[in-house]
Protein chains: 2
Amino acid sequence: MDTVRIIGENLPNMPWQEKPEGAVGPVWRHSDNPVIHRNPVKGVARIFNSAVVPFEGEYVGIFRAESTNGRSHLHMGRSKDGLKWTIEEKQIPFVNEQGKPFQPNYAYDPRLVKVEDVYYIIWCTDFYGAAIGVARTTDFESFVRLENPFLPFNRNGVLFPRKINGNFVMLSRPSDSGHTPFGDVFLSESPDFVYWGKHRHVMSKGGQGWWQSVKIGGGPAPIETSEGWLMFYHGVTGTCNGLVYSMGAVILDKDEPSKVKYRSSTYVLTPEEWYEERGFVPNVVFPCATLTDAETGRIAIYYGAADTYVGVAYTTAQEIIDYVKATHEEVGDDAEIGIM
Amino acid sequence: MDTVRIIGENLPNMPWQEKPEGAVGPVWRHSDNPVIHRNPVKGVARIFNSAVVPFEGEYVGIFRAESTNGRSHLHMGRSKDGLKWTIEEKQIPFVNEQGKPFQPNYAYDPRLVKVEDVYYIIWCTDFYGAAIGVARTTDFESFVRLENPFLPFNRNGVLFPRKINGNFVMLSRPSDSGHTPFGDVFLSESPDFVYWGKHRHVMSKGGQGWWQSVKIGGGPAPIETSEGWLMFYHGVTGTCNGLVYSMGAVILDKDEPSKVKYRSSTYVLTPEEWYEERGFVPNVVFPCATLTDAETGRIAIYYGAADTYVGVAYTTAQEIIDYVKATHEEVGDDAEIGIM
């Protein structure tokens with residue numbers, strides 16, 4: 001019997017496939033992956049590392065679209081079933097709070113998170129180097145870009161889907177401006193989405209294994225469960241021919257989410273299929289979003305594959321949390337609560 | 001006749017020497033430099049890059065004291081004249097807001113700035129890498145360490161001596177965790193000294209000359225003048241045998257201090273004397289504090305020399321501002337106002 005509950009809405013029409021016979025590990029792939037292929041719309045070479053939410057009975061997504069000129073921007077997409085996507089040809093037109101155009105120079109690895117009645121887009125933007133950009137929308141027609149929450153250099157901003165102790169909470173991965181050869185996950189709070197503070201260290205790269213030895217970064221918005229905040233994240237290892245990105249899973253304390261309760265010592269998904277091994281950047285799985293159904297505990301994970309495709313994978317809250325607990329290891333200072 | 005005014009208090013007993021005959025440039029050295037020598041107190045090998053303020057008719061300082069074990073911590077010091085200093089043997093004992101000991105693992109390059117009735121100490125601290133640490137005191141006996149204002153990696157936090165448009169304003173220099181081979185100056189605001197935002201880019205490294213080609217960083221707290229905020233800063237160039245740190249000067253807009261009004265295209269002080277050329281880190285002048293007298297426009301600059309000594313140099317508001325205007329150059333995006 002399931003003892004783990006997702007705390008959230010029901011989503012009976014979300015993409016779903018049962019775990020196939022003989023599947024290895026706690027996460028299994030959609031049988032018809034990738035769900036977005038190369039050259040999905042005019043002028044866009046590849047779509048990957050993207051985020052989706054349910055919206056008005058269907059689905060919308062904010063997609064990392066790499067143009068045929070090699071630069072990344074954000075494009076909207078719509079889907080009835082979460083699997084077949086229609087991507088817009090044009091970049092999302094951001095305006096500032098005064099309504100003037102306020103387009104990022106580039107934008108990549110978006111997350112899309114609903115808090116109360118607002119959808120927040122969080123991405124990696126240019127602020128004299130890589131930094132976190134944020135915008136809000138309520139209708140997916142007008143998009144207001146807000147103040148950058150942090151100084152550069154930073155990537156992988158991930159917002160929690162509700163306020164905790166009255167504050168917005170965002171994870172991020174302070175970095176350098178290049179292909180950062182290090183990186184831990186930190187957490188910051190804000191009462192108003194303008195000013196941020198109470199920064200805490202959450203998770204260190206490393207551990208006994210080597211799959212997350214170079215750096216780690218937050219993934220989809222954490223999922224609230226009866227066991228705490230479940231988050232998928234990426235862990236990176238180095239080889240003689242470059243980096244390899246796998247997916248890990250962690251459970252953070254419900255009220256004090258800078259505290260790691262359980263963390264899987266092994267990856268939960270790693271590049272194995274052709275669309276993960278081959279592409280613009282070989283050997284990458286990079287989770288950015290989930291859909292969940294509270295009633296059944298089902299989870300669909302949207303992940304970028306090889307910086308070229310979008311893949312979907314599945315698990316249940318019960319299965320993944322059992323797995324994370326069973327394979328738990330404490331890494332570095334994970335158990336400490338920041339600076340105070 | 002002087003047309004430039006310092007907006008601030010009078011300090012008739014501050015250290016002062018008139019400009020000597022034949023002095024080159026707008027800043028001249030104290031004739032009996034360095035004012036703090038090697039091994040100034042038991043257990044401390046070198047004191048440098050330190051900050052002073054007037055306090056109860058005398059002077060107090062927060063000193064970067066490198067222990068004989070090679071690690072940096074902050075020590076208090078006191079002086080009647082601002083030149084002869086008595087340094088305490090013990091580290092400053094920081095507590096958190098609950099009164100519990102809260103000592104940094106290391107601490108360096110302090111600034112010390114009075115805003116309203118509180119003295120704020122800002123330093124480079126360990127937060128899983130280099131970051132900005134802050135503390136407050138009103139009596140220089142108890143020191144309360146506050147929330148780190150920013151995520152790592154960062155250095156050279158410099159607080160403005162009054163709120164601007166109702167907010168605290170702090171400069172900083174986002175960096176990496178090593179001997180950062182890049183760096184511009186940014187600005188952030190806070191309504192409460194806990195949460196920070198509205199980050200803006202202020203100044204770029206670079207320019208026509210080469211003395212500030214590698215990186216720059218804020219120096220003493222900006223001095224309010226009739227022409228805007230006068231700030232001394234450090235600019236760094238690279239050689240085959242390492243970095244060379246010089247001092248520059250800039251005038252920031254009074255109400256919108258992320259906007260550069262004038263910026264000297266040349267250094268205003270560069271390592272030339274034995275105590276600047278020779279020491280633990282050769283060829284460093286690194287300004288961290290000033291004393292000023294509003295009535296006469298006199299400015300005394302405290303600077304670290306070769307990571308080994310404290311030196312004092314002098315100028316007047318009129319002389320340095322005339323110089324900065326006369327040698328002004330616009331560097332990179334200096335004239336732009338951040339992201340909005």
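The values are calculated or read from the model by the stated rules, or taken from the named source; none is laboratory data. These figures come from a predicted structure and were not determined experimentally. Cβ atoms come from the backbone with ideal geometry, glycine included; neighbour counts cover every protein chain shown. Accessible surface is based on the protein model in full, side chains and every heavy atom, while ligands, DNA and RNA are left aside. Shrake-Rupley method; radii C 1.70, N 1.55, O 1.52, S 1.80 Å.
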| lysines with Cα under 26 Å of A:K42, excluding same-chain neighbours fewer than 8 positions away | A:K80, A:K84, A:K90
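Can you bin chain B into rounded, prolate or oblate? Criterion: square roots of the alpha carbon gyration tensor eigenvalues sorted a ≥ b ≥ c, rounded for a/c under 1.5, prolate for a/b above b/c, oblate for the rest.
Taking the square roots of the gyration eigenvalues as a ≥ b ≥ c, chain B is rounded.
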| request: Quote the charge dipole size of the protein assembly as shown about the Cα centre in Debye, to the nearest 20; the model charges only the Cβ of Lys and Arg (+1) and of Asp and Glu (-1). | output: 680 debye
| Relative contact order computed over chain A (Cα-Cα under 8 Å; 6+ residues apart), in percent | 19 percent
| note | Averaged over all viewing directions, the convex hull of the alpha carbons in segment B:253-340 casts a projected area in nm² of 7.2 nm²
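Give me a single rounded figure for A:188-200: the average over its residues of other chain Cβ atoms within 10 Å of their Cβ.
6
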| request: Quote the total accessible area buried by chains B and A together, excluding ligands, DNA and RNA, probe 1.4 Å, nearest 100 Å². | output: 3200 Å²
| note | Stretched fully, the stretch from B:D253 through B:T86 gains (0.36 nm per residue minus C-alpha distance, one decimal, in nm) 56.4 nm
| query | Which of the residues in segment A:104-149 lose at least 20 Å² of accessible area when you go from the chain alone to all protein chains together (probe 1.4 Å)? | reply | A:F127, A:Y128, A:E147, A:N148
| request: Please give the direction-averaged projected area of the C-alpha convex hull for segment A:219-296, in square nanometres with one decimal. | output: 6.4 nm²
| query | Could you work out the helix-only [θ] at 222 nm for chain A, with each DSSP H run of four or more residues adding -39,500 (n - 2.57) and the total divided by the number of residues, to the nearest 500 deg cm²/dmol? | reply | -1000 deg cm²/dmol
| note | For segment B:5-74 the mean separation of alpha carbon contacts under 8 Å (6+ apart) over residue count, i.e. relative contact order in percent, is 18 percent
| query | Which percent of the accessible heavy-atom area of segment B:181-340 goes to carbon and sulfur, probe 1.4 angstrom? | reply | 47 percent
| task | Report Rg (one decimal) and Dmax (nearest whole number) for segment A:107-155, counting Cα atoms only, units Å. | result | 10.8, 32
| said: Counting C-alpha atoms alone, how compact is segment A:100-221: give Rg to one decimal and Dmax as a whole number, in angstrom. | reply: 14.4, 50
| request: Determine which lysines satisfy two conditions relative to B:K259: a Cα distance under 22 Å, and not lying fewer than 8 residues away in the same chain. | output: A:K100, B:K163, B:K198, B:K205, B:K215, B:K325
| note | In debye to the nearest 20, the charge dipole size for chain B, taken about the Cα centre with +1 at each Lys and Arg Cβ and -1 at each Asp and Glu Cβ, equals 760 debye
| said: Taking the square root of 5 times each eigenvalue of the Cα gyration tensor, what semi-axes in Å does the equivalent ellipsoid of the protein assembly as shown have, largest first? | reply: 50, 26, 22
| note | Per-residue accessible area, 1.4 Å probe, largest first, puts B:E21, A:E66 in the order B:E21, A:E66
| request: Please give the per residue accessible area of segment A:183-340, computed with a probe of 1.4 Å over protein heavy atoms only, in Å². | output: 31 Å²
| Three-way shape label, segment A:149-254, alpha-carbon gyration tensor, a/c 1.5 | oblate
| query | So, with +1 on the Cβ of K and R and -1 on the Cβ of D and E, and no other charges, what is the size of the charge dipole of segment A:1-111 about its Cα centre, to the nearest 20 debye? | reply | 440 debye
| query | How far is B:E58 from itself in the other copies, in nm, if each label sits 7 Å out from Cα along the Cα-Cβ line, shortest first? | reply | 7.6
| Could you give, in nm with one decimal, how far B:G70 is from each other copy of that position, shortest first, with labels 7 Å out from Cα toward Cβ? | 4.3
| field | Nearest-0.05 FRET efficiency for A:E272 and A:Q208, computed from C-beta distance (R0 22 Å) | value | 0.50
| field | Over segment A:1-95 - Rg/Rh using Cα atoms and the Kirkwood inverse-distance radius | value | 1.04
| task | For A:G238, place a label point 7 Å out from Cα along the Cα→Cβ vector, do the same in each other copy, and report the separations in nm, one decimal, smallest first. | result | 1.9
| request: Assign one of three labels to segment B:179-237, namely rounded, prolate or oblate, based on the Cα gyration tensor with a ≥ b ≥ c the square roots of its eigenvalues; rounded applies when a/c is under 1.5, prolate when it is not and a/b is larger than b/c, and oblate otherwise. | output: oblate
| task | Principal axes first, then extents: for the Cα atoms of segment B:51-153, list largest minus smallest coordinate on each axis, whole Å, largest first. | result | 39, 35, 23
| query | Which of B:A326, B:A130, B:A45 moves the most in a Gaussian network model of chain B with Cα springs under 10 Å? | reply | B:A326
| message | Just to check I understand the Karplus step: with θ = phi - 60° and J = 6.51 cos²θ - 1.76 cosθ + 1.60, what whole-Hz values come out for segment A:285-296, glycine and proline as x? | response | 10, 9, x, 10, 7, 9, 10, 9, 10, 4, 5, 9
| task | Just report the Cα centroid separation between segment A:144-218 and segment A:50-118, whole Å. | result | 21 Å
| said: If you rotate chain B onto chain A, whose Cβ in B ends up lying nearest the axis, and how many Å away is it? | reply: B:Y195, 2
| said: Going by amide H atoms built from the backbone, whose H comes under 5 Å of the H on B:F143, apart from near neighbours? | reply: B:V95
